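Read the structure below first, then the notes.
The values are calculated or read from the model by the stated rules, or taken from the named source; none is laboratory data. Just so you know, these numbers come straight off a predicted model, no measurement behind them. For neighbour counting, all protein chains shown are included, and Cβ atoms are generated from backbone atoms with ideal geometry for every residue, glycine included. Side chains included, ligands, DNA and RNA excluded: accessible areas come from the protein's heavy atoms. Shrake-Rupley method; radii C 1.70, N 1.55, O 1.52, S 1.80 Å.
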Amino acid sequence: MAATHSIKVITEDGEAVYFDCRPDEDVISAAIRQDIYLMSSCRAGGCATCKAFCPEGDYRLVGCSVQALPPEEEEDGQVLLCRCYPDSDLELEVPYTYSRIAFEPEANEFPAEVVSVGKVSSNAVRLHLRRPGMGNERKVRFDAGQFMELQVPGSAVTRAYSPANISNDAGDLEFLIRLLPDGLMSNALRGGAIQPGQTLQVKGPQGIFGLKENGFRPRYFIAGGTGLAPVLSMVRHMREWGAPQQTRLYFGVNTEEEVFLRAELEALAAAMPNLTVKVCVWRPTDGWDGERGNAIEVLRRDLEAQPAQPDVYLCGPPGMVDAAYAVCAEFGIPADQIYLEKFLPSGPCGEACDPGQVHGHHQHATA
């Protein structure tokens, strides 16, 4: 039997778990084999849920999507644990608390009934689901910013979407879904395969995107398109709990026809004295009365006029997220105050993932 290596996983609240890993198995699989369930989703190197930092040890990365793990992050010692194979003992730092680690399989799949479905813009649909049952069995529990997997009707395929609402006892789940030209879920929504009264299978919650408790620093949220969903969930959570942080929400789309939930956003701002909402249209008509320019341009203008060092939450297409990250860096916002989630291609890895690509890497202790 091949020698095993010792793995130490340190959570952001300073706790640690330990387990062994063979050189021929990835870190996530080794942990599961020993009843340790770290945060993960696609298990194929494409979603970035299992991203971690390796300050010490030798390892190989196999078949990672360049969108889930860009080359510069890989060079800095970031890894995807589902594609990380140890060549020595490893120390790994994960961006979530010890409470997110489970030590037994979680029964996190359930049916939900379609309450309503309808277009909210030229390229987005709002899907309202409700979990059946009575009392506790009806509740839906998730951290604002996490995602669920919905099974596409008539197939075994699932697609990941973040709820736009917050945990509740009524079993309600609200999703904002972008209509892609030939997406499986998009075609089901366009073709009427999803109707009120129908049951969809839901799996979750999953993911590590969410609010960080960092005192009273301002919070800026930048969302592109349906990336508004997890951001809206986080802001709604702040309202529910009376969070005091000064908050800005930048919601960007290409054209006015793509704007959605504007009235809901304005009502939220009216109910939260500490919230400013800016709906940004990249190519507006003369009649547009909101912010003109994409969300990143509007963010830049605001930072130039009033420099700030907020916590920044980014969610949307990779290009938008990367551009926002660059602007934050330009204005000196520390990298450890920037939290992001990119919308990656459908499927485990998308076209950017080459499962045959192996990268060797060595990290030295940073103490």
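Scanning segment 1-51 for residues that are over 15 Å from PRO86 (Cβ atoms), of a type in the set (S, T, N, Q) and touching a strand residue (DSSP E or B) at 6+ places or on another chain (Cβ under 7 Å) turns up SER41, THR49. In this structure, does ARG283 turn out to be outside any helix (DSSP H, G or I), modelled with pLDDT of 95 or more, closer than 23 Å to GLU213 by Cα and open to solvent by 20 Å² or more (accessible area, probe 1.4 Å)? Here the answer is no, as ARG283 does not meet what is asked.
Here CYS84 meets each of (1) open to solvent by 40 Å² or more (accessible area, probe 1.4 Å); (2) modelled with pLDDT of 95 or more; (3) under 30 Å from ASN214 (Cβ atoms) with one exception, condition (1). Being in contact (Cβ under 8 Å) with a residue 40 or more places away in the chain and crowded, with 18+ Cβ neighbours inside 10 Å is true of ALA52. Of all positions in segment 303-314, at least one carries a residue that is of a type in the set (Phe, Trp, Tyr) and part of a strand (DSSP E or B). With respect to the stated conditions, GLU91 is open to solvent by 40 Å² or more (accessible area, probe 1.4 Å) and touching a residue at least 60 places away in the same chain (Cβ under 8 Å). The residues listed here are LEU211, LEU189, LEU180, LEU173; of these, the one that is open to solvent by 30 Å² or more (accessible area, probe 1.4 Å), in the same structural domain as GLY133 (by the TED database) and among the aliphatic types (A, V, I, L, M) is LEU180. Contact map, segment 136-162: residues that are touching a residue at least 60 places away in the same chain (Cβ under 8 Å) and open to solvent by 30 Å² or more (accessible area, probe 1.4 Å) paired with residues that are assigned to a loop (DSSP other than H, G, I, E, B) and basic (Lys, Arg), Cβ distance under 9 Å, separation 6+ or inter-chain. No pairs are found. The set of residues in segment 286-333 being of a type in the set (Val, Ile, Thr), crowded, with 20+ Cβ neighbours inside 10 Å and within 22 Å of ASN214 (Cβ to Cβ) consists of VAL312, VAL321, ILE333.
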